[in-house]
């Protein structure tokens, strides 16, 4: 019985000791990653940080800062914002890296907004020059009256029916007129 207890104690000691060695190895990788990041080797730091993220059971809070800052340098602004916010949530104003975390968070948000604005502007330009393929049809259903030729508006006592100002009661637009309407360039032919 003593041999079994001793054997169980020895196994649990070795497992615990192995976990401590593993944690120390991962902590060393965090430090190495931080040093690589400090010297501008962001890709190499990223490899180490990702290894730690995948293998460490409980991440130290500074890992969120290092990963967020390194993500900024790699142009992964949304990821940077998420990790830096996580660091600030975990450590608050008392964190060792609070000031640089706030600074890099601002940098990442600024860059992310620039990208968002640029994408929105490009989308608007694409819409301005977009051409709808009418598929060989000469006429398309008017998007205002939906082919009925009439626009229904609510009046004081009942509904008021008016001729569609774009299709002039026909309910259809030419392909060219349809594309102009979709770009916002088609003026109503009939003033109500």
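The values are calculated or read from the model by the stated rules, or taken from the named source; none is laboratory data. For clarity, every value in this text was computed on a predicted model and none was experimentally measured. Backbone-built Cβ (ideal geometry, glycine too); neighbour counts: all protein chains shown.
Anything in segment 74-83 that is buried (at least 18 other Cβ atoms within 10 Å of the Cβ) and either within 15 Å of residue 110 (Cβ to Cβ) or under 11 Å from the mean Cα position of the chain (by Cα) (or both)? List them, or say none. Quick ask: steps written out before the conclusion?
Applying the first criterion (buried (at least 18 other Cβ atoms within 10 Å of the Cβ)) to segment 74-83 yields 76-77, 80-81, 83.
Listed by number, the residues that qualify are 76, 77, 80, 81.
Could you list, in sequence order, all residues of segment 169-183 that are more than 11 Å from residue 132 (Cβ to Cβ) and surrounded by fewer than 16 Cβ atoms within 10 Å (Cβ to Cβ)? Matches in segment 169-183: 169, 170, 174. Quick check on residue 19: is it assigned to a helix (DSSP H, G or I) and either outside the structural domain of residue 109 (by TED's automatic domain parsing) or modelled with pLDDT under 85 (or both)? Judged against the criteria, residue 19 is a match.
Evaluate the following for residue 96: is it modelled with pLDDT under 95 and buried (at least 16 other Cβ atoms within 10 Å of the Cβ)? Walk me through how you get there before you give the answer.
Values: modelled with pLDDT under 95: yes; buried (at least 16 other Cβ atoms within 10 Å of the Cβ): no.
When the stated conditions are applied, residue 96 does not pass them.
Of everything in segment 122-148, what is touching a strand residue (DSSP E or B) at 6+ places or on another chain (Cβ under 7 Å), surrounded by 11 or more Cβ atoms within 10 Å (Cβ to Cβ) and modelled with pLDDT of 85 or more? Give them in sequence order. Within segment 122-148, 139, 140, 141, 142, 144, 145, 147 meet the criteria.
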